[in-house]
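Here's the structure we're looking at; comments come further down.
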Amino acid sequence: MKGLEAFRVALDALRGNRLRSLLTMLGIIIGIAAVIVVVSIGSGARQQIQSQVEGLGSNLILVVPGQFDTGNLSSNAPATSTLQISDGELLADVVGDAAAVTARVGSGAQVRAGTVERFTTVQGSDQNLPEVFDRPVAEGSYFTGADVDARRRVAVLGSRTAELLFPGADPIGRQVTISGTRFRVIGVLAEQGESFGVSQDNEVHVPITTAQRLFAVDRVDAFAVKAPSAQSVPQLSEQLWRALKDEYPDQTFSAVTQTQILGVIGQILGLLTAVLAAIAGISLLVGGVGVSNIMLVSVRERTREIGLRKALGARQRDVLVQFLVEAVLLTTVGGLVGIAIGVACSLLVDRLSPLPAVIEWWSPAVAFAVSAAVGIFFGVFPARRAGRLDPVVALRTD
Amino acid sequence: MSREHRTAERPAQHLAEQPADERTPAIEVVDVTRSYAFGSTTVDALRGVSFRIDEGEYTAIIGPSGSGKSTLMHLLGCLDRPTSGRLRVSGRDIGELSDAELAQLRNREIGFVFQAFQLLPRSTALDNVALPLLYRGVGAGERRERAAAALRAVNLGHRLTHRPTQMSGGEQQRVAIARALVGEPRILLADEPTGNLDSRNGAEVMRILEELNGERGVAVVLVTHDDEVAARAHRQVRVRDGLVERDSAAPAPAPAPRGADDDVHDDVHDDADDGAGVRRLGA
């Protein structure tokens, strides 16, 4: 019996028992759909974070106090920072470009404009930020080095903050009050977009010197350094770390590259996706056991048919192939339906929920292969049993 | 391993018997036994049976239930192998064939007709009849053509796409006969073919079997407990307690106990000598 014939015979058998076939497939359908959705949400999250980290500015190196351990996913940052604004000069010397280094200190604060009041992130930074982080100003201008040196009370608003505080009005030249201190708005940043449903445009930038006085601190949270090229990133980050280590031998620093951040995030997300996919995979396994079970029932029910086929010249192999093809057909059709449902659900999640979902080309392909493998794995046992039936005994069964 | 032992023992006897008849026997049964083990006890269903059926013969195997005739039928149908003795079907010793070879032998040489028809309920008459050809690797177009021809041969040309559930018992059995003859086998094994039919349909089925035997030269082996049905065959082989009690084609009646075969005389007709070359082997 040729492959195509076996396929047709199996299809007839499945069609003859529509409801049972459908219910058997359901286990596979649910399993495959669940795996597809979980994987697409995992991929979506990963891609979004990747684009956000890359969006921080290309070839970026973050210099932070404490240990950034990529192996253990843990960072034991000391309670108080050991970095000062003056350390920026040290780093600038290493890079050989003063404009490639920017310092940052941040905190949450109440920001008020007239009667509108918002709690938002206040970011202390310097004139190099727009260049280093690739964040252009949409209106007005960013503060200058002179503004930083003179601790001027000037502020640049994120596009969302500008909208919230000054709805429908031009904020340039207006006043905002941050933690009771008045600032003059000199610019609005270009829109950056959302990250996990949180707007990145809801923040206020002020000169770092002003911010330190406002928050009554003298620390710097981090330095961001822009490397001249992607190739120079690893070497430069090593040099930056070495420079700080030479200056402060008994303190720990980390020079973290985007690749490292991506690696850590990817690791966390990968683990999370794997765990969820494994849980979804269990339902696929249960579905496979269901297929095996139904195929065994089917073999018993069709004992006489098997006996007849053998009497008419079907070999053990013909009967085995017939039942195996039937099992594989059940799981692959179930797999295809599961893929369709999984893809549809992923698109719905992406559209209707804050979770991003990206369907990678390989996930339906792998899902299809897995469903076929489940059919073979769980179909072999019942099929062998069918193939080995003694035709004399099988024909006698009623 | 006992099989090789036997064949080594027997060839001389076999060769000595063969030249006496020029026709190839369709079936040759020599001292066949078949035992079944049930736990520690063994049941001997056949205790040493010998006979021979030639091509184109029309034979009835008769016997009450428990006589061993079902076991014999399974052996003749190559569905089973003898425990000892030799059974040749179309010249091939079935004790020496693998399962796959037996399947092929059934497929090419034997057509089955069962008491309960044994049709696939969800398949059309055409698909049911084409089934043996499927396992012979015949292409779909040819299968259809030959199945349709076989159905026309049993006067069911108008029922090609009907399913068994849409047909009467007589029609279903005719579909089964069409299925048995579609592969043009040398032997047609009919196990109580009229058992589930009323007398009118039973007669029709018998008429078709006789036609096949007469016109196509198919050796028909009828297994039945019904003497009336058996009487229509040209030869009767009566089985009892795992032995051939009486063979109407045998030159001399087997030394069966008197009185036990009173009814046999009624069944054995004057056509007992029909098969000129028919004789008992191993006697």
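Do the conditions hold for residue B:85, that is, is it in a strand (DSSP E or B) and not basic (Lys, Arg)? Judged against the criteria, residue B:85 is a match.
Yes/no per residue for (1) surrounded by fewer than 16 Cβ atoms within 10 Å (Cβ to Cβ); (2) modelled with pLDDT under 90:
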residue: A:16; (1), (2): yes, yes
residue: A:22; (1), (2): yes, no
residue: A:31; (1), (2): no, no
residue: A:45; (1), (2): no, yes
residue: A:69; (1), (2): yes, yes
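Scoring residue B:67 on the criteria (1) part of a strand (DSSP E or B); (2) more than 13 Å from the chain's Cα centre (by Cα) leaves a single failure, condition (1).
Close contacts from segment A:247-269, counting a first residue that is on the phi < 0 side of the Ramachandran plot and among the hydroxyl-bearing types (Ser, Thr, Tyr) and a second that is modelled with pLDDT of 80 or more and assigned to a helix (DSSP H, G or I), with Cβ to Cβ under 6 Å and a gap of 6+ residues or different chains, come to A:257/A:233; A:257/A:237.
Would you call residue B:100 closer than 15 Å to residue B:181 by Cβ, of a type outside the set (Lys, Arg) and either at the interface with another protein chain (Cβ under 7 Å from one of its Cβ atoms) or in contact (Cβ under 8 Å) with a residue 40 or more places away in the chain (or both)? No.
Look at residue B:59 and say whether it is surrounded by fewer than 21 Cβ atoms within 10 Å (Cβ to Cβ), at pLDDT 90 or above and not in a loop (DSSP other than H, G, I, E, B). When the stated conditions are applied, residue B:59 does not pass them. Within segment B:203-228, being touching a strand residue (DSSP E or B) at 6+ places or on another chain (Cβ under 9 Å) and among the acidic types (Asp, Glu) holds for B:210, B:226, B:227. Within segment B:162-184, the set of residues being touching a helix residue (DSSP H, G or I) at 6+ places or on another chain (Cβ under 7 Å), outside any helix (DSSP H, G or I) and either within 14 Å of chain A (Cβ to nearest Cβ) or charged (D, E, K, R) (or both) comprises just one member, B:183. Output the number of residues of segment B:36-86 satisfying the condition of being within 19 Å of residue B:249 (Cα to Cα) and among the β-branched types (Val, Ile, Thr). Result for segment B:36-86: 5.
Applying the set (1) more than 9 Å from chain A (Cβ to nearest Cβ); (2) outside any loop (DSSP other than H, G, I, E, B); (3) under 24 Å from the mean Cα position of the chain (by Cα) to residue B:131 leaves exactly one unmet item: (1). Could you go through segment A:200-213 and let me know if any residue there is within 30 Å of residue A:349 (Cα to Cα) and part of a strand (DSSP E or B). Yes, because at least one residue in segment A:200-213 is within 30 Å of residue A:349 (Cα to Cα) and part of a strand (DSSP E or B). Screening segment A:188-216 for residues that are modelled with pLDDT of 90 or more, surrounded by fewer than 22 Cβ atoms within 10 Å (Cβ to Cβ) and under 30 Å from the mean Cα position of the chain (by Cα) and picking the one that is nearest to residue A:117 (Cα to Cα) gives A:203. The one condition from (1) on the phi < 0 side of the Ramachandran plot; (2) within 13 Å of chain A (Cβ to nearest Cβ); (3) surrounded by fewer than 22 Cβ atoms within 10 Å (Cβ to Cβ) that residue B:84 does not meet is (2). Of the residues making up segment B:134-161, those that are more than 10 Å from chain A (Cβ to nearest Cβ) and part of a helix (DSSP H, G or I) are B:141, B:142, B:144, B:145, B:146, B:147, B:148, B:149, B:150, B:151, B:152, B:153. Restricted to segment A:302-398, the set of helices (runs of 4 or more DSSP H) holding at least 3 residues that are touching a Pro at 6+ places or on another chain (Cβ under 8 Å) and touching a residue at least 40 places away in the same chain (Cβ under 8 Å) comprises A:303-311, A:316-352.
If you take the residues in segment A:217-234 that are among the β-branched types (Val, Ile, Thr) and part of a loop (DSSP other than H, G, I, E, B), which one is surrounded by the most Cβ atoms within 10 Å (Cβ to Cβ)? Looking at residues that are among the β-branched types (Val, Ile, Thr) and part of a loop (DSSP other than H, G, I, E, B), I get A:220. Of all positions in segment B:23-42, at least one carries a residue that is of a type in the set (Lys, Arg), part of a loop (DSSP other than H, G, I, E, B) and either touching a residue at least 24 places away in the same chain (Cβ under 8 Å) or touching a strand residue (DSSP E or B) at 6+ places or on another chain (Cβ under 8 Å) (or both). Taking residue B:95 as the residue in question, decide whether it is away from chain A (no Cβ under 14 Å), part of a strand (DSSP E or B) and not β-branched (Val, Ile, Thr). So residue B:95 does not fit the description; no.
Within segment B:106-122, the set of residues being buried (at least 19 other Cβ atoms within 10 Å of the Cβ) and more than 7 Å from every other protein chain (Cβ to nearest Cβ) comprises B:109, B:110, B:111, B:113, B:114, B:117, B:119.
The values are calculated or read from the model by the stated rules, or taken from the named source; none is laboratory data. Quantities reported herein were computed from a predicted structural model and do not represent experimental measurements. Counting neighbours? That spans all protein chains shown, and the Cβs are built from the backbone with ideal geometry, glycine included.
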